[in-house]
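Notes follow once the structure below has been shown.
The values are calculated or read from the model by the stated rules, or taken from the named source; none is laboratory data. Keep in mind it's a predicted model, so treat the numbers as computed, not measured. Because the Cβ atoms are built from the backbone with ideal geometry, glycine has one as well, and the counts that use them run over all protein chains shown.
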Amino acid sequence: MKKYSFLLLALLVIGSKVFCQDTTQHVIPNRKNTTRQQKKPYVILISADGFRYDFAKRYHANNLLRLAGEGVSATSMIPSYPSVTFPNHYAIVSGLYPSHSGLVNNAFYDRERKERYSMSKKDKVADGSWYGGAPLWVLAEQQKMLSASFYWVASEAVIKGIQPTYYYVYNEKIDINNRIKAVVNWLKLPPASRPHFITFYFPQVDHAAHHNGPESPETEKEVIFIDSAVNELQKAVKTTGLDVNFVFVSDHGMTRVDNQNPIGIPAAIDTSKFVISGDGILVELYAKNNKDIHGTYNALKREAKDYEVYLKTNIPAHLHYGAADDWHNRIGDILLIPHVPKVFNLWNSKKINPGWHGYDPAAVKDMHASFYAWGPAFKKRLIIPAFKNVSVFNLISNILGIKHTDKIDGTDDLANKVLVRKKHKKTK
């Protein structure tokens with residue numbers, strides 16, 4: 001009996017480690033805003049994962065449309081390639097294309113490390129050595145401006161020795177009311193301890209659109225939930241008496257795919273000669289021996305149907321995903337990209353979701369994301385054309401006065417279009 005009791009206890013302990021999620025707020029001690037930074041504006045950057053550019057109008061997200069109507073809205077925002085979650089969230093806060101930041105996909109292989117990165121592996125996600133560039137919160141903290149994160153890709157990692165002063169490890173157990181309360185509490189801290197840059201993340205639309213398709217009642221329900229939650233957040237923030245700027249974005253859009261007739265692993269691929277990575281929209285082959293690249297590439301070209309085959313050296317330049325852009329040597333030697341609405345069944349999954357993203361946003365408009373912004377820093381009742389998401393980095397840097405010296409891909413064009421610029425009096 002004791003033997004079985006011990007076994008049961010061991011299983012309970014193991015189970016608690018697997019299913020227990022960290023819901024505590026983490027605070028880096030002994031940090032303060034400088035007197036100069038205390039005078040800076042406030043920005044809350046909100047991401048609704050998978051919130052396609054047309055979802056607000058399609059599903060009557062009236063609060064978002066009203067708030068955007070009071071400030072700035074874009075016809076759409078163009079994600080970086082591949083149009084998937086981790087690379088694009090990081091592109092928004094680093095100003096770097098995925099190929100330049102090193103976060104080239106949700107999952108990929110690193111040749112030098114001989115390791116795989118995956119968004120599903122907590123130890124990899126929390127390891128700052130995987131992330132190139134400097135996210136906005138790193139630059140802010142370096143410049144003695146405090147930051148906070150209620151989730152964002154890489155916010156749990158130590159990058160350049162820095163994390164946000166206040167942050168939560170990603171989990172889906174904390175309800176929206178307590179998340180809003182945490183943001184308000186941050187903004188009610190004394191000026192020296194108050195964060196000026198806050199990130200906030202919603203996963204719900206992405207989940208619903210993947211499992212049910214983008215044009216589904218389940219997706220509509222989650223769009224309305226986020227619309228209500230953002231409205232409650234901005235109303236709660238208003239009670240602090242602070243003039244806060246809001247930037248609402250998504251990482252990518254979503255489209256319905258042919259999940260009934262997926263593409264299998266092509267016969268030309270010898271799995272013993274390549275490390276295979278990717279998902280249904282982008283398959284990457286990493287050669288164990290470079291001599292095998294061209295033979296396999298030519299064989300794939302001959303048998304390709306419903307997908308394109310590229311070498312890293314000849315992929316279309318506008319994707320910024322070729323050899324010249326591969327700053328961290330993490331892009332595959334051979335890349336397979338399906339024609340919309342086709343997807344690969346790379347891992348012989350029994351069920352393939354009807355909703356997907358990852359396609360080239362220049363070719364598939366459904367990949368485009370949302371962008372709305374309102375607050376004292378923004379012009380009123382302004383609609384702008386589509387722009388690349390890496391420029392959100394420059395926009396927020398401009399509002400907060402965050403300086404950056406490293407090379408980035410974003411430009412100041414967006415900031416120059418949408419921000420209210422103070423006019424300086426001419427001196428005689």
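Please work out if residue 162 is more than 24 Å from residue 241 (Cα to Cα) and either crowded, with 17+ Cβ neighbours inside 10 Å or touching a His at 6+ places or on another chain (Cβ under 7 Å) (or both). Steps first, answer last, please.
Values: more than 24 Å from residue 241 (Cα to Cα): yes; either crowded, with 17+ Cβ neighbours inside 10 Å or touching a His at 6+ places or on another chain (Cβ under 7 Å) (or both): yes.
For residue 162, the condition - more than 24 Å from residue 241 (Cα to Cα) and either crowded, with 17+ Cβ neighbours inside 10 Å or touching a His at 6+ places or on another chain (Cβ under 7 Å) (or both) - is met.
Given the criteria part of a strand (DSSP E or B), touching a Ser or Thr at 6+ places or on another chain (Cβ under 9 Å), over 30 Å from residue 351 (Cα atoms) and not acidic (Asp, Glu), does residue 200 qualify? Reasoning before the result, please.
Numbers: part of a strand (DSSP E or B): yes; touching a Ser or Thr at 6+ places or on another chain (Cβ under 9 Å): yes; over 30 Å from residue 351 (Cα atoms): yes; not acidic (Asp, Glu): yes.
When the stated conditions are applied, residue 200 passes them.
Just to verify a result, which residue in the stretch 267-308, among those that are of a type in the set (S, T, N, Q) and not in a strand (DSSP E or B), is nearest to the chain's Cα centre (by Cα)? Quick ask: steps written out before the conclusion?
Going residue by residue through the stretch 267-308, those that are of a type in the set (S, T, N, Q) are 271-272, 277, 289-290, 296, 298.
Next, from what is left, pick out any that are not in a strand (DSSP E or B): 271-272, 289-290, 296, 298.
Working: 271: 31, 272: 33, 289: 33, 290: 32, 296: 33, 298: 34 Å.
Across the stretch 267-308, the extreme among qualifying residues is 271.
Here's a check for you: in the stretch 274-297, which residue that is crowded, with 17+ Cβ neighbours inside 10 Å, charged (D, E, K, R) and modelled with pLDDT of 95 or more is nearest to residue 337 (Cα to Cα)?
The extreme case among them is 284.
What number of residues within the stretch 225-256 satisfy the criterion of being surrounded by 19 or more Cβ atoms within 10 Å (Cβ to Cβ) and not in a helix (DSSP H, G or I)?
Residues flagged as surrounded by 19 or more Cβ atoms within 10 Å (Cβ to Cβ) and not in a helix (DSSP H, G or I) within the stretch 225-256 amount to 12.
Filtering the stretch 347-395 down to residues that are of a type in the set (Ser, Thr, Tyr) and under 15 Å from residue 246 (Cβ atoms), which residue is nearest to the chain's Cα centre (by Cα)? Write out each step before concluding.
First, pick out the residues of the stretch 347-395 that are of a type in the set (Ser, Thr, Tyr): 349, 359, 370, 372, 391.
Keeping just the survivors that are under 15 Å from residue 246 (Cβ atoms) gives 370, 372.
On the way: 370: 13, 372: 16 Å.
Result: 370.
Could you grab me the full set of residues in the stretch 185-211 that are surrounded by fewer than 16 Cβ atoms within 10 Å (Cβ to Cβ), among the aliphatic types (A, V, I, L, M) and in contact (Cβ under 8 Å) with a residue 12 or more places away in the chain?
Correct list: 192 only.
Would you kindly identify the strands (runs of 3 or more DSSP E) lying entirely within the stretch 323-428 that contain at least 3 residues that are assigned by TED's automatic domain parsing to the domain that holds residue 33?
Filter on the stretch 323-428 gives 371-374, 382-384.
Can you pull out every residue in the stretch 309-321 that is part of a loop (DSSP other than H, G, I, E, B) and closer than 18 Å to residue 296 by Cβ? Show your work before the answer.
Initially, the stretch 309-321 is screened for residues part of a loop (DSSP other than H, G, I, E, B), giving 312-316, 320-321.
Within the stretch 309-321, 312, 313, 314, 315 meet the criteria.
Test residue 355 against the stated conditions and say whether it is touching a strand residue (DSSP E or B) at 6+ places or on another chain (Cβ under 7 Å), surrounded by 15 or more Cβ atoms within 10 Å (Cβ to Cβ), modelled with pLDDT of 95 or more and not charged (D, E, K, R).
Details: touching a strand residue (DSSP E or B) at 6+ places or on another chain (Cβ under 7 Å): yes; surrounded by 15 or more Cβ atoms within 10 Å (Cβ to Cβ): yes; modelled with pLDDT of 95 or more: yes; not charged (D, E, K, R): yes.
Yes.
Go through the stretch 358-395 and report how many residues are among the aliphatic types (A, V, I, L, M) and either buried (at least 22 other Cβ atoms within 10 Å of the Cβ) or modelled with pLDDT under 95 (or both).
We begin by selecting, within the stretch 358-395, every residue among the aliphatic types (A, V, I, L, M); these are 362-364, 367, 369, 373, 377, 382-384, 386, 390, 392, 395.
Now restrict to residues that are either buried (at least 22 other Cβ atoms within 10 Å of the Cβ) or modelled with pLDDT under 95 (or both): 367, 369, 373, 377, 390, 392, 395.
Number satisfying all stated conditions: 7.
If we keep just the residues of the stretch 323-341 that are without any contact (Cβ under 8 Å) to a residue 60 or more places away in the chain and surrounded by fewer than 20 Cβ atoms within 10 Å (Cβ to Cβ), which is farthest from residue 263 (Cα to Cα)?
324
With (1) more than 27 Å from residue 326 (Cβ to Cβ); (2) crowded, with 18+ Cβ neighbours inside 10 Å; (3) acidic (Asp, Glu) as the list, and residue 175 as the residue in question, which single condition is left unmet?
Failed condition: (2).
Cβ-Cβ below 8 Å, separation at least six or inter-chain, first residue in the stretch 300-318 and under 27 Å from residue 328 (Cα atoms), second among the aromatic types (Phe, Trp, Tyr) and in a strand (DSSP E or B): which pairs?
307/344; 316/310
What number of residues within the stretch 225-243 satisfy the criterion of being more than 21 Å from the chain's Cα centre (by Cα) and of a type outside the set (Gly, Ala, Ser)?
If we filter the stretch 225-243 for residues that are more than 21 Å from the chain's Cα centre (by Cα), which is where we start, we get 228, 231-232, 234-243.
Subset that is of a type outside the set (Gly, Ala, Ser): 231-232, 234-235, 237-240, 242-243.
Qualifying residue count for the region: 10.
Does residue 271 qualify as being surrounded by fewer than 17 Cβ atoms within 10 Å (Cβ to Cβ), free of Cβ contacts under 8 Å to residues at least 60 places away in the same chain and under 28 Å from residue 101 (Cβ atoms)? It would help to see each step written out before you state the result.
Working: surrounded by fewer than 17 Cβ atoms within 10 Å (Cβ to Cβ): yes; free of Cβ contacts under 8 Å to residues at least 60 places away in the same chain: yes; under 28 Å from residue 101 (Cβ atoms): no.
When the stated conditions are applied, residue 271 does not pass them.
Within the stretch 139-149, track down each residue that is surrounded by fewer than 24 Cβ atoms within 10 Å (Cβ to Cβ) and free of Cβ contacts under 8 Å to residues at least 60 places away in the same chain.
Matches in the stretch 139-149: 142 only.
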